[in-house]
Amino acid sequence: KNISLASNVAATMGQCVNVENRDVKSDGVSTKQRPPKKKKVEQNKEWWDTVREHVTAGDIEYVKHLINVADLDVFDVDYENYTLLVWAARKGQYDICQLALNLGADIHYVQKDPNGDTQKDRTALQWADACGWLHVEQLLVFTIMNASTGAEVQRYAQLIDQQNGIVANFIGQLDDNAASTAAVKESLVNNMVSTIRSKLVFSDDMLRLAWTFEATKDGGGAHSLEDNKVWNAILETCSEVIRAKPANEKDWHWIKHFMLPSTIWLIDISEEQKSEEKESDAHTTIHYLFDELLKVVELASQTLIENDLVRPMNRITSNSREAWQRLQTWDLDGAAAAETNTTAATDGVGGELNTPLLTRQDYIDSGVKSEFSKTEISQNIVTPDFNAIHHYDYNEYLSKLVFNAHAVNDQFQHDVQRMFGIDKVNKTNNAEGDNLIEFRRGPVKLTARCIDKAQTDYRTLPFPTSAHLLDINRCSLIFRDDGAMLNALELFRRQVEQHDAGCILKIARAKNGFVEYAKTPQYADIKLNVVIRGKNGTSIIGEIQFLLDIMMHFKNDAHKLYAISRKKEVFDAMKQTLPKLLDHTKQLYFAAGIGNIDYIFDLMIIHNKTEEFVLQIMEGSNENIFHTICALGNLKLIKKLRSYCYRTPASKQKFIESLFVPNRYTEMCMEACIRRGHGQAMRFLFTDKAIIDYIKGSEDL
């Protein structure tokens with residue numbers, strides 16, 4: 001089958017391709033070593049038109065073959081400036097878009113209008129939006145987000161959608177007796193208020209239900225926040241915990257693990273203003289309950305910085321101005337220059353073309369090197385179902401780093417303590433006064449946290465992004481005085497230079513956070529990234545933090561507030577995406593685009609919908625989901641929806657009628673199927689006796 005496919009492709013392109021000695025699996029993974037990539041040939045318009053036709057028809061096997069034989073690359077541009085990703089997005093081909101993204105396609109590439117009209121320049125996302133391909137648009141939106149934020153947004157959207165269904169269904173099942181219903185509502189609200197004020201565990205579904213009862217009490221619409229007993233309990237309790245001095249660790253645990261994960265924070269309290277805004281600008285008017293909590297956190301942060309950081313630091317700096325000046329400017333000789341040099345590395349193992357010579361795990365002698373370049377991976381594993389680049393980066397390469405980190409950690413921690421004379425029992429150097437040094441051993445960073453950091457902080461940096469993780473091994477040295485800290489830094493540098501630092505071979509980089517503190521008061525330390533020699537001959541970079549005890553105490557309290565404020569990135573992303581994710585009609589079209597019948601049934605069950613919901617006509621476009629399904633030729637979904645709708649004569653008739661609804665371009669679903677050349681779907685529909693009878697019964701058809 002594969003040989004026949006390759007021969008047909010070769011004939012189409014007018015080229016001679018030897019397929020006898022190439023063994024390619026149907027999933028696009030070569031079972032033999034790929035020959036060296038041949039020199040690219042400038043393709044003509046006829047060749048590109050053939051590629052376009054196959055992409056439009058969703059022929060992913062054809063696309064995978066072209067990539068496998070190195071005739072097509074995700075960065076190639078056709079005669080109208082389309083890349084594979086942009087054309088696939090314009091035509092609504094989800095799997096081909098996913099394939100291109102897995103192979104490293106540039107999601108931000110702008111397809112320039114061939115006639116020079118800048119108003120028509122579009123990215124893949126803009127094309128998907130313009131053509132109404134909601135499934136592709138959603139894929140691209142989440143790809144643009146960093147992975148952890150995207151996952152959080154999707155998790156919250158799923159929870160909220162399910163909760164909305166639970167609340168609506170519960171209210172719909174309440175007794176018609178007004179008195180008994182009012183008693184149920186009042187009891188639930190009072191119980192939830194008491195639970196929150198007592199800082200106990202609660203059901204988030206019940207909290208959302210109590211909020212709904214309170215927000216719509218007395219049979220009216222939404223009430224002000226000041227009148228909402230549930231909100232008052234939440235805000236007052238959280239504020240009490242945030243402002244408490246000293247902090248109550250148990251209460252903070254309740255906020256972090258029970259209150260903060262609640263979907264209640266994503267209730268939009270500006271709903272009444274949104275109706276006056278354009279839909280495209282709706283996200284700018286959204287105001288979540290979380291934004292109210294953030295006001296409390298920001299005020300507490302300002303107070304914490306002034307009382308626990310600025311004032312104590314001023315006492316230190318005023319007593320030793322010279323030491324303070326030296327601390328702000330301390331650095332390794334040549335460290336800044338090393339950060340800005342460039343390398344002429346090609347896209348080989350561990351390097352990318354013309355990238356900054358950053359401190360990376362794979363740039364040091366005997367460091368963990370990648371076995372493959374990004375290009376080699378993308379050329380050899382071509383499938384939409386598996387992101388080989390991400391898998392190798394975050395599973396294979398990172399696993400080696402974490403393994404080596406565990407192997408060297410005990411010796412690394414031991415050698416740092418030996419250099420500063422740290423007592424094994426009390427973890428200090430037993431000095432008096434300002435010369436006291438406290439040692440804190442940091443655990444090896446968890447793999448999940450490593451992945452999160454690589455995907456968030458380093459996602460735009462050269463492959464493998466995990467090589468930028470320099471603090472998998474870490475420890476801290478804490479000082480009471482800036483002068484003592486300077487002396488320790490010089491002692492450490494001297495011992496490393498004299499090769500008297502045990503397994504620590506050299507200092508790879510220094511980051512002085514006091515440079516930024518001089519501009520704006522904030523947490524600051526000096527981080528030294530050091531090269532650690534492993535027992536197996538492989539080296540790894542670890543991190544030693546030098547910090548003042550004032551900074552340590554400030555960091556402990558500030559970290560609690562940061563646990564709340566760091567949610568802002570996710571919630572800001574929600575403001576742009578949540579309205580579409582909770583729009584049942586839009587999600588119906590998303591499910592139709594990816595051919596997911598289970599998601600359609602989920603929507604129907606959660607929100608108590610009937611086949612009327614599935615067969616609805618969308619305002620503006622005058623389309624139903626069969627325009628999307630037929631245009632994409634999804635035979636499997638057509639069969640399942642037909643089976644569901646053929647249960648009763650009435651729903652059967654509506655199903656058939658839906659296939660012949662003309663959209664705003666006067667194109668019927670059946671015509672979309674014919675025009676795109678989806679033979680299997682056409683054959684199935686045109687052999688259905690009920691559909692044939694319907695056509696024969698209409699003079700127009």
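The values are calculated or read from the model by the stated rules, or taken from the named source; none is laboratory data. On a predicted model such as this, the values are computed, not experimentally measured, just so you know. Every residue, glycine as well, gets a Cβ built from its backbone with ideal geometry; the counts of neighbours run over all protein chains shown. Note: areas computed on protein heavy atoms with side chains; ligands, DNA, RNA excluded. Shrake-Rupley method; radii C 1.70, N 1.55, O 1.52, S 1.80 Å.
General remarks:
- Per-residue HN-Hα couplings for segment 555-563 [Karplus 6.51, -1.76, 1.60; θ = phi - 60°; Hz; x = Gly/Pro]: 4, 4, 6, 5, 5, 5, 5, 5, 4
- Segment 518-658: C-alpha gyration tensor shape, a/c 1.5 cut-off, then a/b vs b/c: prolate
- Residue among Ile695, Ile550, Val425 farthest towards the positive dipole end of the chain, charges placed on Cβ: Val425
- Normalising by residue count, the chain has a Cα convex hull of 214 Å³ per residue.
- Remark: relative contact order (segment 101-176) = 17 percent; criterion is Cα-Cα distance under 8 angstrom and separation of 6 or more residues.
- Alpha carbon centroid spacing (whole Å) that separates segment 83-137 from segment 660-675: 23
- Pairs spanning more than 27 Å between alpha-carbon atoms, out of Lys427/Lys535; Lys64/Lys369; Lys400/Lys560: Lys64/Lys369; Lys400/Lys560.
- Bridging of Lys217 to lysines at a Cα separation below 26 Å is possible for Lys185, Lys199, Lys229, Lys274, once same-chain residues fewer than 8 apart are set aside.
- Accessible surface of Asp78 - all protein chains present, 1.4 Å probe, nearest 10 Å²: 10
- Overall form of segment 397-473 per C-alpha gyration tensor (a/c, 1.5; a/b vs b/c): prolate
- As a fraction of the 1.4 Å probe accessible area of the chain, surface on carbon and sulfur atoms comes out at 50 percent.
- 5 angstrom amide H check on Glu623, placed H, neighbours 5+ away: Met618
- Across the options Ala182, Ala89, Thr383, the greatest Cα extent toward the positive end of the charge dipole of the chain (unit charges at beta carbon of Lys, Arg, Asp, Glu) belongs to Thr383.
- Counted by Cβ distance under 12 Å from Ala563, the other residues give a net charge of +4, where Lys and Arg count +1 and Asp and Glu count -1.
- Computed FRET value (nearest 0.05) for Phe258 with Asn169, which takes r as the C-beta separation and R₀ as 22 Å: 0.30
- Counting only protein heavy atoms and using a 1.4 Å probe, the accessible area of Arg459 comes to about 100 Å².
- Under the Karplus curve 6.51 cos²θ - 1.76 cosθ + 1.60, θ = phi - 60°, whole-Hz ³J(HN,Hα) for segment 114-125, x wherever Gly or Pro sits: x, 8, x, 7, 5, 5, 9, 5, 8, 8, 4, 5
- Size of charge dipole - the chain - debye, nearest 20, with Cβ of Lys, Arg +1 and Asp, Glu -1, no other charges: 1780
- The overall shape of segment 595-701, judged from the alpha-carbon gyration tensor, is rounded, with an a/c ratio under 1.5.
- Å² per residue, accessible surface of the chain at 1.4 Å: 50
- With a cut-off of 12 Å between beta carbons, the residues surrounding Val241 carry a summed charge of +3, where Lys and Arg count +1 and Asp and Glu -1.
- In the assembled protein chains, Phe386 presents an accessible area of approximately 80 Å² (probe radius 1.4 Å).
- The order of His406, His499 by accessible area, most exposed first and with a 1.4 Å probe, is His499, His406.
- Relative contact order %, the chain, counting alpha carbon pairs below 8 Å whose residues are six or more apart: 12
- The 3J(HN,Hα) values that the Karplus relation (6.51, -1.76, 1.60; θ = phi - 60°) gives for segment 100-105 are, in residue order, 4, 5, 4, 8, x, 4 Hz. Gly and Pro appear as x.
- Summing +1 for each Lys or Arg and -1 for each Asp or Glu among the other residues whose beta-carbon sits under 10 angstrom from that of Trp231 gives -4.
- Surface listing: Lys535, Lys229 arranged by accessible area from highest to lowest gives Lys535, Lys229, probe 1.4 Å.
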